[in-house]
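Before any comments, here is the structure.
The values are calculated or read from the model by the stated rules, or taken from the named source; none is laboratory data. On a predicted model such as this, the values are computed, not experimentally measured, just so you know. Cβ sites come from the backbone with ideal geometry, for glycine too, and all protein chains shown count toward neighbours. SASA here: full protein model, heavy atoms, side chains in, ligands and nucleic acids out. Shrake-Rupley method; radii C 1.70, N 1.55, O 1.52, S 1.80 Å.
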Amino acid sequence: MTKHYNVALDGPSGAGKSTIAKLLSSRLKIMYLDTGALYRAVGLKAFRDGWKEDDSAVAELIKSVSISVKYDEETGKQLVFLDGENVSEEIRRDFVSGYGSRFSALPSVRAALLDLQRHIAKEYSSVLDGRDIGTFVLPNAEFKFFLTASVDVRAKRRYDELIARGQEADLEKVRADIEARDYRDMNRAVAPLKKADDAVVIDSSELSVEEVADKMLKIINGAE
Ligand code: DC
């Protein structure tokens, strides 16, 4: 496919969005924007500076925060910069997930990150993964998927990921955190996690990464 197009990939934490998005973007030879990383960068800033979850206060504070992405030329990996500092590793720490989720509920945070996401999507054909890409950021995306999986499967995946990174983790706590995050992400007033009416739903609980990607690729390539 030579024309410009975007793939919106939404779903709850731990459904496998980033793994699938990476695989899809490399198969399709297009960009991948991990939008959760942007919210995590804001969460990290909030943690470091002791921000309160107060929308009007954050609206002021966020004006002087710079968040940007670059792509590592060798690995193609997305790097995230917070005020010029490469925070790509730090934003993956477990405590940052909660801060990212809490501050992502504030309208001022969502507004601050909207232009960056739309700009990248307009500039490059890309896969964007997140919570509100198909519903809000790119309502006209050419392809929309909603990837989900059972809470147990998602908790186990997140736990394995943390252990593989050499971090400490407790499966029950990871499960409780995921449930709390689902609740917050689905019940916030602005741009909640919700399937777009025209998104294709894929439940990855019983599917391998390859099987999920193949289902999506069939749909995308079938549209050529
Ligand atoms: O996908 P993730 O776990 O890296 O996302 C971190 C948090 O950011 C998540 O709890 C919800 C929020 N988020 C969001 O609100 N909208 C997005 N498009 C992406 C992430």
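If you filter segment 172-210 down to residues that are under 14 Å from Phe145 (Cα atoms) and of a type in the set (Asp, Glu), you find that the one that is surrounded by the fewest Cβ atoms within 10 Å (Cβ to Cβ) is Asp197.
Condition check ((1) away from the ligand (no atom under 13 Å from the Cβ); (2) open to solvent by 20 Å² or more (accessible area, probe 1.4 Å)) across all residues:
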| site | (1), (2) |
| --- | --- |
| Thr19 | no, yes |
| Ala37 | no, no |
| Lys45 | yes, yes |
| Ser64 | yes, yes |
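Residues in segment 138-156 that are surrounded by fewer than 19 Cβ atoms within 10 Å (Cβ to Cβ) and charged (D, E, K, R): Glu142, Asp152, Lys156.
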